[in-house]
1. Keeping all protein chains in position, work out how much accessible area S401 exposes to a 1.4 Å probe, and write it in Å² to the nearest 10.
2. State, as an integer percentage, the relative contact order of the stretch 219-303 based on alpha-carbon contacts under 8 Å between residues 6 or more apart.
3. Largest first, how would I434, I449 line up by accessible area (1.4 Å probe)?
4. Can you compute the modelled spin-label distance between V299 and T20, with each label point 7 Å from Cα toward Cβ, in nm?
5. Accessible area of the chain with a 1.4 Å probe: how many percent of it is carbon plus sulfur?
6. Of K178, K415, which has the most accessible area and how do the rest follow, probe 1.4 Å?
7. H87: accessible area at probe 1.4 Å, nearest 10 Å²?
8. Could you pull out every whole DSSP H run in the chain that spans at least 30 Å of Cα extent along its own axis and averages -0.5 or higher on the Kyte-Doolittle scale?
Amino acid sequence: MQIPFKKDPIEFKQRALFATNVFDLLPSHHPCYVYEDIFDQLDTSKVEEQFSVYGQNAYHPRLITGILIYAYSQGVFSSRNIEKKCHEDLGFMYISHCNCPNFRVLSDFRKDNYLFFKECFKQSVLWAMAAGMASLGHVSLDGSKFKASTSKHKAMSYGRLKAKEKELIEEIEDLIEKAAKCDKEEDEKHQDRSGYEIPEELKIKEKRLAKIKEAKEALEKREQALNPGKKIDDKKQISFSDKEARIMGKKGNFDYSYNGQISVDEDNQIIVGQHLSQNANDKQEVEPALEEIKKTTGVLPDKMSLDNGYMSGNNLESFDGKELDVYVATGKGEKKDQRLVAESNRKIKKTDFNYDEDKDCFVCPAGHTLKLKTETNDGKKVYQGDKAECDICPYRARCCSSKKGEPRTIHADDKEPLRQKMREKMEQESSKEIYKKRKKIVEPVFGQIKNTGFRGFSLRGCEKVSGEFSLACAVHNFRKIVKALISGKVCLEAGELAPTVA
């Protein structure tokens with residue numbers, strides 16, 4: 001007995017008798033319709049000014065921008081794959097208005113208009129705020145590493161660069177000498193040779209030497225900016241493909257990356273500020289983060305929460321004097337740093353010492369004083385305990401680590417009063433309750449961005465990569481807005497986003 005399987009519809013192999021719109025095949029609630037409504041409101045006037053009335057007509061910047069934003073929202077980042085999707089995927093075809101821009105057009109637009117993507121990000125934030133999706137009541141700042149468009153195998157250390165440069169110079173000098181000698185020899189043995197063999201090899205060597213010198217100069221310039229006047233460590237590396245990327249990572253997993261910083265609003269996880277850093281840690285990132293929030297929204301948030309990576313003197317000084325309620329973790333992790341160590345066996349850390357601002361000294365858990373020993377012009381300070389007191393202290397084994405038997409030493413700077421104030425603030429129960437929200441505000445956003453597939457950059461160079469990061473952050477905001485529109489939480493009124501009135 002034959003099983004009665006379903007048959008194909010008659011339209012499968014026959015043309016429709018009446019005109020139809022191919023996009024009717026998409027479900028009515030497909031996100032591409034919502035994205036298209038949003039893209040109609042995009043202001044691309046700054047990019048339009050770059051085009052001329054002469055020559056072949058170009059694709060409208062709003063169209064290309066819309067294609068890129070929609071592609072990134074769908075986890076498609078390669079310009080070739082985006083072009084392919086515009087030929088095959090109905091959602092992409094709708095966003096592209098049935099245009100299929102060449103992958104070079106898409107790639108060049110993304111590469112050449114990196115500054116405009118920062119404007120796109122700003123528009124996404126202002127729309128979200130207008131729709132009541134972000135209030136700047138509580139904002140959390142965090143950073144995450146994104147892989148640069150290069151490889152550890154396309155890099156070289158400073159020591160190796162110097163050795164290779166010397167080696168190539170010697171080889172080139174040898175080839176020049178051989179070439180000069182070859183020109184003088186016109187005997188029968190060389191009549192069948194063209195005389196171009198050595199010059200061709202010389203050309204290759206000179207090209208390699210130019211690349212080595214360029215990378216070496218870039219590394220020296222970078223290290224001079226980071227550590228003025230200091231000798232460059234031979235182990236310092238630089239990438240040939242992206243000279244502005246830096247080696248970053250942890251737990252043995254290191255690669256050339258950039259440090260993406262985002263400030264996220266508590267209400268709906270809207271990114272209200274973002275910037276890209278070449279620093280492997282977050283000790284200098286508060287000032288640029290505050291500048292970006294102010295530049296994007298026009299105001300600073302009421303509260304900010306940050307993890308222990310931001311607990312540096314420079315960061316705390318950036319908050320000083322601003323009407324901003326700040327919560328920065330003072331210990332590793334997010335648990336209270338135990339200051340009472342009498343019944344513990346763990347090593348006594350700097351955070352276990354109390355700083356006395358009036359006397360400018362530290363007091364250890366046993367009550368002994370560490371007085372100021374030395375101070376440099378740049379504000380760095382060294383405090384040391386009394387040797388007689390440290391020698392008889394019951395905590396000595398867990399406190400003093402000097403092999404020479406020296407008393408306990410603490411390194412600090414002139415920002416120590418700011419650290420002490422933050423420690424005292426974070427010991428309050430109310431502060432802990434506010435800080436607990438940080439994990440739920442900012443950390444899921446990096447997961448959402450990376451789960452779409454965006455884990456590294458397609459462009460190279462800090463400025464262009466910064467533009468691509470702005471695009472990725474704008475896409476995250478647009479995804480949140482689209483979801484809110486589909487769910488009915490916000491609506492479009494006269495072309496503008498607004499909260500839905502219940």
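1. Ignoring ligands and nucleic acids, S401 comes out at about 90 Å².
2. Details: 94 pairs, mean separation 15.6, N = 85.
Worked out over the stretch 219-303, it gives 18 percent.
3. From most accessible down to least: I434, I449.
4. 5.3
5. Numbers: 14330 of 29290 Å².
Carbon and sulfur atoms account for 49 percent of the accessible area of the chain.
6. K178, K415
7. 110
8. Both cut-offs are met by 462-487.
The values are calculated or read from the model by the stated rules, or taken from the named source; none is laboratory data. This structure is a prediction, so every number in the text was calculated from the model and none was measured. Note: ideal-geometry Cβ built from the backbone for every residue, glycine included; neighbour counts use all protein chains shown. Accessible surface is based on the protein model in full, side chains and every heavy atom, while ligands, DNA and RNA are left aside. Shrake-Rupley method; radii C 1.70, N 1.55, O 1.52, S 1.80 Å.
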